[in-house]
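Notes to accompany the following structure.
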Amino acid sequence: MSGRRSLYTEFTRAEWARLRADTPLTLTAEDLLHLQGLNERVSIREVADIYLPLSRLLNLYVAAEQVLHKARATFLGDTTAKVPYVIGLAGSVAVGKSTTARILRELLARWPEHPRVDLVTTDGFLYPRRVLQERGLMPRKGFPETYDLPRLVRFVADLKAGHSPVSCPVYSHLTYDLVPGEEVVIDRPDIVILEGLNVLQTAPDARRDSRVFVSDFFDFSIYVDAAEIHTRRWYIERFLLLRTTAFKEPSSYFHQYAALSDEAAQKVSSEIWDATNGPNLRECILPTRDRAHLILRKGPDHTVETIRMRKL
C-alpha cells in the first residue's frame, strides 16, 4: 500500500482483494454473462478481487449513513422517510462504466440491509435529438451542454429530499434518442447508482459560480479510469461488433454503418472518437477524476490493476 498522492491511498490489486474479508461471493458465472458489456469479459476472479471488497466498503458506508439519518431524525423529531444513498459513477465512453454499475447493483442488492438498489443512467437526461439538431450540438453529443442539467439536478435533489416516487426519461441507444412518453419510476430505493460521463463535473471556477451540481448530492463517487489508448481501442472494437448486432436493426440510428467493411468501420469509429469522445474525455471527463472518492484504474484487458481511495 502506498500514498503516492496526498489525497488518496493507493492499493495494488492483491492488497485490495484482501479487504474482501469474509464477504460471500453471491454472483455466478451465468449472472455475469447478463451483466458484462459487448466487448468485455469480466471473470468471477475480477468480481471477487475488485467488486466484492468495494461492495463491502459501500455496505459499511450505507449502514453508517442509515445510523446518522436515524440520529438526525430523532433529534429533530422528523418523520421524513429515509433517503436513498446515492452513488455517482463516472468515466470515459467505452471504459466499462455500465458493466461496473450493473455488477455493483447486483452485489449491493444482495446485502440484506439494502435490497432495493436502482441504477439510473444520465443518458435519459440528454436533450432530445431534435433539440440537439436544432442547436447544432449533435457532433458534441455527450458533452455537458447536451444534457438537460437543471432537470438532472432536480431529479437527484428530489431523491435526496425523500420525495417518492420520482421519475426520469428513458433513452434508447438504438434510436439514439429519448423514448417519447416512457419514463423510469424510482420508488423508495435504499441505494441509487447514477452512472454517466460527466456526473462529477462542477463549474470551472467554483469560487465564482454558486450553482448546485449533481455531484453535490452524492454520498459516494467512483471514477472508472484507463489510458485513452485503451478506451479508444475498446470503442473501436465495440463499434465493429455492433455492426453485426444493433446496427443491423432497420430502426437503428447507426443502421447506415451495418454494411461497412472492417477497414471502413475502423476509419469511421476512429473519426468519431477523435472528433467527439476523445475531446470530451480530455476536456470534460478526465479533469473530474480526482473529485471521486474511489478510482478504479484499468489495464489494457479491462481488468482493474490499481485502486485509489480518497483519504478521509
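The values are calculated or read from the model by the stated rules, or taken from the named source; none is laboratory data. Please read all numbers here as calculations on a predicted model, not as lab measurements. All Cβ positions, glycine included, derive from the backbone under ideal geometry; neighbour counts span all protein chains shown. For the accessible areas, the whole protein counts, side chains as well, though only heavy atoms, and no ligand, DNA or RNA atoms are used. Shrake-Rupley method; radii C 1.70, N 1.55, O 1.52, S 1.80 Å.
List of remarks:
- Residue-level analysis places Tyr235 outside the set of residues that are out of contact with any Gly (no Cβ under 8 Å at 6 or more places or on another chain), surrounded by 14 or more Cβ atoms within 10 Å (Cβ to Cβ) and in a loop (DSSP other than H, G, I, E, B).
- Scan region 162-179 for residues that are open to solvent by 40 Å² or more (accessible area, probe 1.4 Å) and either outside any strand (DSSP E or B) or at pLDDT below 95 (or both) and the total you get is 7.
- Region 137-150 residues that are of a type in the set (Phe, Trp, Tyr), paired with ones that are in a helix (DSSP H, G or I) (beta carbon under 6 Å, 6 or more apart): Phe143/Asn280; Tyr147/Phe125
- Selection over region 50-74 of residues that are surrounded by 14 or more Cβ atoms within 10 Å (Cβ to Cβ) and over 29 Å from Phe239 (Cα atoms) gives a count of 15.
Every residue, every condition in (1) part of a helix (DSSP H, G or I); (2) modelled with pLDDT of 95 or more; (3) surrounded by 16 or more Cβ atoms within 10 Å (Cβ to Cβ), yes or no:
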position: Arg211; (1), (2), (3): no, no, no
position: Ile229; (1), (2), (3): yes, yes, no
position: Gln266; (1), (2), (3): yes, yes, no
position: Thr276; (1), (2), (3): yes, yes, yes
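- When the criteria are applied in full, Thr100 meets the requirement of being within 24 Å of Gln36 (Cα to Cα) and either part of a strand (DSSP E or B) or out of contact with any helix residue (DSSP H, G or I) (no Cβ under 7 Å at 6 or more places or on another chain) (or both).
- Hey, Thr244 farther than 14 Å from Gly91 by Cβ, touching an Asp or Glu at 6+ places or on another chain (Cβ under 7 Å), among the β-branched types (Val, Ile, Thr) and open to solvent by 40 Å² or more (accessible area, probe 1.4 Å) or not: no
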